[in-house]
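Read through the structure below, which is laid out as structure tokens, and then see the notes.
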Amino acid sequence: MAASKKIKTEIAKLRASLDDHSYRYHVLDDPQITDAAYDRLMRELEALEADHPDLVTPQSPTQRVGAKPDGPFDEVRHEVPMLSLSNAFDEEGVADFDRRVRETLEIENVQYAVEPKLDGLALSLLYVDGVLERGATRGDGVTGEDVTLNARTIRSVPLQLRGKDFPSVLEVRGEVFISRAGFAALNEGQRKLDEKLYVNPRNAAAGSLRQIDPAETAKRPLEIFCYATGRVEGGKLPDSHAATLKAFQKWGLRVCPESTTAKGVKGLMKAYASLGDRRDDLPYEIDGIVYKVDSRRRQENLGTISRAPRWALAHKFPAQEESTRIESIEVQVGRTGAITPVARLDPVFVGGVTVSNATLHNRDEIERLDVRVGDTVVIRRAGDVIPEVVSVVKADRKKGARKFKFPAKCPVCKSPVEFPVNEKDEASVVGYCTGGVTCEAQRKEGIKHFASRRAMDIEGLGDKIVEQLVDGEHIKTAADLYILDLETLSGLDRMAEKSARNVLKAIDKSRDTTFGRFLFSLGIRNVGETTAETIASQLGTVEAFKAVTAEVLEAMPDVGPVVAASVLSFVGSKPNVKMIDELVKRGVTWPDVGMLDADVEKTLDGKTFVLTGTLTGMSRDDAKKALVARGAKVTGSVSKKTDFVVVGADPGSKATKAEDLGVAILDQAALEALIES
Ligand code: IVH
């Protein structure tokens, strides 16, 4: 049925009305109708659009939640990098900043824009001719992820800018966050479903924005405050930051209502104190205040050093502290045998989360603090780090409170605890269980590490499953994972047959790995990812690894006597060597490291490659290294200048783009042939 003019007008009116009400609500913070009245208008529009699907446009307020895409997020390159901020923690740092600014600009008194440092995550929104074209995360500042579908679900992100005088290309940047109330409601929902609670609003916001299914993101109470620009073409912005924020508001973009301006260090410190006083009453969490030179021309004169602009500063609030009582002190045994004392606390709310454990780090720290069970202590939580005990309130100590004795034996396997001596003859402050693979705690942690994402990446093999497998004596080492059967797995608690099958599949998939990952997965003390890669590329084979000597190790870049000693102690242990042999015998395999050798012929000199999708048995990084070693260039986006696009499993939009441009496409086999030729 062709839509009559009347229906078209009706739809246009409803959309304009919904947009206006949403603008009043989100940007002006001055709603004119109730939520229920808004929902009624929305349902009217939905009904009309359902009868006239040809009239639906992507900018319609009904179109916020799109269909679930079938793959992971594409990469986005930020043409204007997304920078970070330099930090200051006291007045001196602020004064230094202001002095540098004045000296560079050669002026007496500087006007600053001042706004809260929001504790969420940065989002870039690209508007072309006023229409939201792309939403992207910051990533490492240069490459982020395309989260357009998720960004569209955020009610305070306009799908279409208001007015006319915005630049034709306008990239706006802002902070996505969840308010305190939104967070409480979110966790209330989780509690009702008996699901895991979110730790803090920031983590919940970050997780929500990175959901694959936009319908899931739409359920989360995400909000945005816009505070910066990226690409700007075809039009001009006002010449100060404060005026730009006003323009943002006019265009329908939400801006933090606490934004203001101040002059000189005195003015900045006053703003800091005032915001600090109101911090706990704000409806969202902030971790400091940001000062930005207000004039855009002056910002340009000041420029950027490394990854932060010289014209802006984040002045952080002190980490949050709270006092509570220690109920007990326990020790935990980690993957490398490291023994960490942990204080179990009377739960206390600090810095936005409830804390019931705090680390006491090591034996020396316990002595330094002189902390005892039953003591009242001050707990600090800063950012994402593990909460720690800062000090003991000695005045509150009960008579007879006994000192904590650091155990001489591992609490799990009863092997002696030792404090190894380093090359400078200093005893380590960290105590280690000497039980090695005979210690159940070490084995559990070792297997968890082995399965983790950066190691063998066995999806679905979570901590609880590993614990059950070890407790039930179904597996002793990581190598035993590869002989697990469906019956054992599906016999575990809370494990349906379907999940068990998936875990088995993931275990099988992990057999194809790289030598570097394999060495990292072994969980050798002091051997992180980079060191593991170095050792892998220098030794090349398991045989060479098992027979390695101190001389060979110490000749490697960035390997010193401490790392060498850890590696030698690892390969010197019979159970470890047995596990390595079993892993290989049970099918763990990797491409020959020789392929990655740096001194090969430059057979691909001058050729440009783009890699997309997942390769088997070789990471994209390895493929890149192999190509670069042969003289090729590897870039992030496909253009006419690209010679080859290598397409792995589940490729992104780059594969389609290559087809469109007629660029040669290689599959993994063709890539390997090319590398070997
Ligand atoms: S401006 C040129 N303003 O802090 C600097 N950032 O450390 C670009 N942040 O990635 C950012 N509140 O996620 C700016 N009012 C604010 C901010 C803010 C929070 C975050 C943002 C950025 C990080 C930089």
Whichever residue in the stretch 270-281 is at pLDDT 95 or above and surrounded by fewer than 18 Cβ atoms within 10 Å (Cβ to Cβ) and, among such residues, is farthest from residue 94 (Cα to Cα): 274
Residue match in the stretch 217-235 (condition: surrounded by 14 or more Cβ atoms within 10 Å (Cβ to Cβ) and over 26 Å from the mean Cα position of the chain (by Cα)): yes
Residues satisfying the stated conditions in the stretch 95-133, i.e. crowded, with 20+ Cβ neighbours inside 10 Å and in a helix (DSSP H, G or I): 97, 98, 101
Odd one out for residue 224, checked against (1) within 24 Å of residue 75 (Cβ to Cβ); (2) aliphatic (A, V, I, L, M); (3) at pLDDT 95 or above; (4) more than 15 Å from the ligand (Cβ to nearest atom): (4)
Options 202, 173: the member that is of a type outside the set (A, V, I, L, M), within 16 Å of the ligand (Cβ to nearest atom), crowded, with 17+ Cβ neighbours inside 10 Å and part of a helix (DSSP H, G or I): 202
Options 161, 209, 197, 170: the member that is touching a residue at least 40 places away in the same chain (Cβ under 8 Å), out of contact with any Phe, Trp or Tyr (no Cβ under 7 Å at 6 or more places or on another chain) and not hydroxyl-bearing (Ser, Thr, Tyr): 209
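Restricting attention to the stretch 284-293, does a residue exist that is within 15 Å of the ligand (Cβ to nearest atom), touching a Ser or Thr at 6+ places or on another chain (Cβ under 8 Å), closer than 24 Å to residue 110 by Cα and part of a strand (DSSP E or B)? Explain how you work it out, then say what you get.
At the first step, the residues of the stretch 284-293 found to be within 15 Å of the ligand (Cβ to nearest atom) are 284-293.
Next cut, touching a Ser or Thr at 6+ places or on another chain (Cβ under 8 Å) only: 284.
The next check asks that each one be closer than 24 Å to residue 110 by Cα; those that pass are none.
No - not one qualifying residue is present in the stretch 284-293.
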Subset tally (residues that are buried (at least 17 other Cβ atoms within 10 Å of the Cβ) and either in a loop (DSSP other than H, G, I, E, B) or near the ligand (Cβ under 10 Å from one of its atoms) (or both)) for the stretch 294-312: 6
Which numbered condition residue 233 misses (of (1) within 16 Å of the ligand (Cβ to nearest atom); (2) closer than 21 Å to residue 83 by Cα; (3) in contact with a Leu (Cβ under 9 Å, 6 or more places away or on another chain)): (1)
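Looking at the stretch 339-362, which of the residues that are within 30 Å of residue 520 (Cβ to Cβ) and either hydroxyl-bearing (Ser, Thr, Tyr) or surrounded by 18 or more Cβ atoms within 10 Å (Cβ to Cβ) (or both) is farthest from the ligand (Cβ to nearest atom)? So that I can check it myself, show each step before the final result.
Going through the stretch 339-362, the residues within 30 Å of residue 520 (Cβ to Cβ) turn out to be 339-342, 357-362.
Subset that is either hydroxyl-bearing (Ser, Thr, Tyr) or surrounded by 18 or more Cβ atoms within 10 Å (Cβ to Cβ) (or both): 339-341, 358-362.
Working: 339: 36, 340: 30, 341: 33, 358: 27, 359: 26, 360: 31, 361: 27, 362: 31 Å.
The qualifying residue farthest from the ligand (Cβ to nearest atom) is 339.
State whether one or more residues within the stretch 250-273 are of a type in the set (S, T, N, Q), under 25 Å from residue 107 (Cβ atoms), within 15 Å of the ligand (Cβ to nearest atom) and part of a loop (DSSP other than H, G, I, E, B).
As a first pass, look at the stretch 250-273 and keep what is of a type in the set (S, T, N, Q): 259-261.
Filter once more, keeping what is under 25 Å from residue 107 (Cβ atoms): 259-261.
Applying the additional criterion that residues be within 15 Å of the ligand (Cβ to nearest atom) yields 259-261.
Of the ones still in play, those that are also part of a loop (DSSP other than H, G, I, E, B) are 259.
Within the stretch 250-273, one or more residues are of a type in the set (S, T, N, Q), under 25 Å from residue 107 (Cβ atoms), within 15 Å of the ligand (Cβ to nearest atom) and part of a loop (DSSP other than H, G, I, E, B).
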Number of the condition not met by residue 139 [criteria: (1) surrounded by fewer than 22 Cβ atoms within 10 Å (Cβ to Cβ); (2) in contact (Cβ under 8 Å) with a residue 40 or more places away in the chain; (3) within 22 Å of residue 21 (Cα to Cα)]: (3)
Options 553, 481, 492, 504: the member that is in a loop (DSSP other than H, G, I, E, B) and more than 18 Å from residue 591 (Cβ to Cβ): 492
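Quickly run through the stretch 142-158 and pick out the residues that are more than 27 Å from residue 636 (Cα to Cα) and crowded, with 20+ Cβ neighbours inside 10 Å.
Taking the stretch 142-158 first, the residues more than 27 Å from residue 636 (Cα to Cα) are 153-158.
Those that are more than 27 Å from residue 636 (Cα to Cα) and crowded, with 20+ Cβ neighbours inside 10 Å: 153, 154, 157, 158.
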Criterion (more than 30 Å from residue 561 (Cα to Cα), more than 32 Å from the chain's Cα centre (by Cα) and hydrophobic (A, V, I, L, M, F, W, C)) met by exactly one of 393, 470, 421, 466: 393
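Conditions tested, residue by residue: (1) assigned to a strand (DSSP E or B); (2) touching a residue at least 40 places away in the same chain (Cβ under 8 Å); (3) farther than 13 Å from residue 431 by Cα.
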| residue | (1), (2), (3) |
| --- | --- |
| 377 | yes, yes, yes |
| 395 | no, no, yes |
| 398 | no, no, yes |
| 401 | no, no, yes |
| 407 | no, yes, no |
| 411 | no, yes, no |
Pick from the stretch 650-669, criterion in contact (Cβ under 8 Å) with a residue 24 or more places away in the chain and assigned to a helix (DSSP H, G or I), ranking: farthest from residue 615 (Cα to Cα): 658
Candidate set: the stretch 307-341, residues that are of a type in the set (Gly, Ala, Ser) and out of contact with any helix residue (DSSP H, G or I) (no Cβ under 7 Å at 6 or more places or on another chain); chosen: the one nearest to residue 402 (Cα to Cα): 328
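The values are calculated or read from the model by the stated rules, or taken from the named source; none is laboratory data. Since the model is a prediction, treat every value here as computed from it, not as a measurement. Cβ atoms come from the backbone with ideal geometry, glycine included; neighbour counts cover every protein chain shown.
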